[in-house]
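Report on one structure; see the data block that follows.
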Amino acid sequence: MTAAPPHPLDRVWSELWFSLASLLRSYTAVHGLSGNRQAAVEQDEERIVACQAGRRLQLTRQGAIVTWKREDGSQGTLEMTETGRLRGQAGEEEMDMAAEAWARDLMREWRQ
């Protein structure tokens, strides 16, 4: 039995995935500067996890499909496009804008 050949866009999804992790690292670093906070961002081929002060964002990827989940149980599904955008129920947005919004939320100060 032979394995199925890889999908022609598998390399594109992989490159975009590693770019998304890099964007999260950069944006969390920038948002943490003013409060001297730092996030831990870990990644592999199928998962990105970003954590900071009790906040957590977990992204999992299967091909072009990205599922996100937050520490409060909220979750959703997005689709990467060949042009580096993320498509969801609310429409499409640039991948860097999504990463910046996630980073901003992860790095905001806790309010008591």
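Every number in this text was worked out from the coordinates using simple rules, so none of it is lab data. The structure presented is a predicted model; accordingly, all values stated were derived computationally and were not measured. Every residue, glycine as well, gets a Cβ built from its backbone with ideal geometry; the counts of neighbours run over all protein chains shown.
One residue stands out in the range 21-42 among those that are farther than 11 Å from residue 103 by Cβ and assigned to a helix (DSSP H, G or I): the one that is farthest from the chain's Cα centre (by Cα), namely 22. Only residues that are in contact with a strand residue (DSSP E or B) (Cβ under 9 Å, 6 or more places away or on another chain) and assigned to a strand (DSSP E or B) were counted in the range 43-71, giving 20.
In the range 57-78, the residue that is surrounded by the fewest Cβ atoms within 10 Å (Cβ to Cβ) out of those that are touching a residue at least 24 places away in the same chain (Cβ under 8 Å) and over 11 Å from the mean Cα position of the chain (by Cα) is 63.
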